[in-house]
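J.: Take this structure, written in structure tokens, and hold onto it; I'll ask about it next.
The values are calculated or read from the model by the stated rules, or taken from the named source; none is laboratory data. Just so we're clear, the structure is a prediction, and the values are computed from it rather than from any experiment. Cβ placement follows ideal geometry from the backbone for every residue including glycine, while neighbour counts extend to all protein chains displayed.
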């Protein structure tokens, strides 16, 4: 992935439980504050979502976009790329899960977003950092809560 933001957090759960929450897109509006609507539009191998449509409302930023997902066979990583969007030129991301000890997993989130509207690199990185931090904290609350 080109220049991207990377953040990690330790979640008190096993990788399979965390990946189950990540893959449960229909329930994102319950715990992802900006997600107004999330719909799986295609399924791939192992009945995993392969294409997902999002309606995002983050106050000043509102977007409808579609992401294509690839799930690692070992269940420890998932990556995505942008298919279409109203505001984004590109988006690539990845979750990587590494079990520390039983019941404890390090989750790393990598994200690169390129908007159609030009944005100064420093502001872009700051926005990516805020997005990844919020996503990891929300994921931790959802899995552990």
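J.: Please specify each residue of region 1-28 satisfying the condition of being exposed (fewer than 15 other Cβ atoms within 10 Å of the Cβ) and free of Cβ contacts under 8 Å to residues at least 40 places away in the same chain.
T.: Listed by number, the residues that qualify are 20, 26, 27.
Yes/no matrix, rows are residues, columns are (1) closer than 19 Å to residue 135 by Cα; (2) at pLDDT below 95; (3) in contact with a strand residue (DSSP E or B) (Cβ under 7 Å, 6 or more places away or on another chain):
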{"position": "14", "(1), (2), (3)": "yes, no, yes"}
{"position": "23", "(1), (2), (3)": "yes, no, yes"}
{"position": "28", "(1), (2), (3)": "yes, no, yes"}
{"position": "35", "(1), (2), (3)": "yes, yes, yes"}
{"position": "42", "(1), (2), (3)": "no, no, yes"}
{"position": "55", "(1), (2), (3)": "yes, no, yes"}
{"position": "84", "(1), (2), (3)": "no, no, yes"}
{"position": "92", "(1), (2), (3)": "yes, no, yes"}
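J.: Looking at the structure I just gave you, is residue 46 closer than 25 Å to residue 105 by Cα, modelled with pLDDT under 95, outside any strand (DSSP E or B) and touching a helix residue (DSSP H, G or I) at 6+ places or on another chain (Cβ under 7 Å)?
T.: Details: closer than 25 Å to residue 105 by Cα: yes; modelled with pLDDT under 95: yes; outside any strand (DSSP E or B): yes; touching a helix residue (DSSP H, G or I) at 6+ places or on another chain (Cβ under 7 Å): no.
No.
J.: Among (1) exposed (fewer than 14 other Cβ atoms within 10 Å of the Cβ); (2) at positive phi; (3) in contact (Cβ under 8 Å) with a residue 60 or more places away in the chain, there is one condition residue 59 misses while meeting the rest; what is its number?
T.: Going through the list (1) exposed (fewer than 14 other Cβ atoms within 10 Å of the Cβ); (2) at positive phi; (3) in contact (Cβ under 8 Å) with a residue 60 or more places away in the chain, residue 59 breaks only (3).
J.: How many residues does region 29-38 hold that are assigned to a loop (DSSP other than H, G, I, E, B), surrounded by 15 or more Cβ atoms within 10 Å (Cβ to Cβ) and either touching a residue at least 60 places away in the same chain (Cβ under 8 Å) or over 15 Å from the mean Cα position of the chain (by Cα) (or both)? Lay out the reasoning, then the answer.
T.: Of region 29-38, the ones assigned to a loop (DSSP other than H, G, I, E, B) are 32-34.
Now narrow it down to the ones that are surrounded by 15 or more Cβ atoms within 10 Å (Cβ to Cβ): 32, 34.
Imposing the further condition that a residue be either touching a residue at least 60 places away in the same chain (Cβ under 8 Å) or over 15 Å from the mean Cα position of the chain (by Cα) (or both) reduces the set to 32.
Of the residues in that region, 1 qualify.
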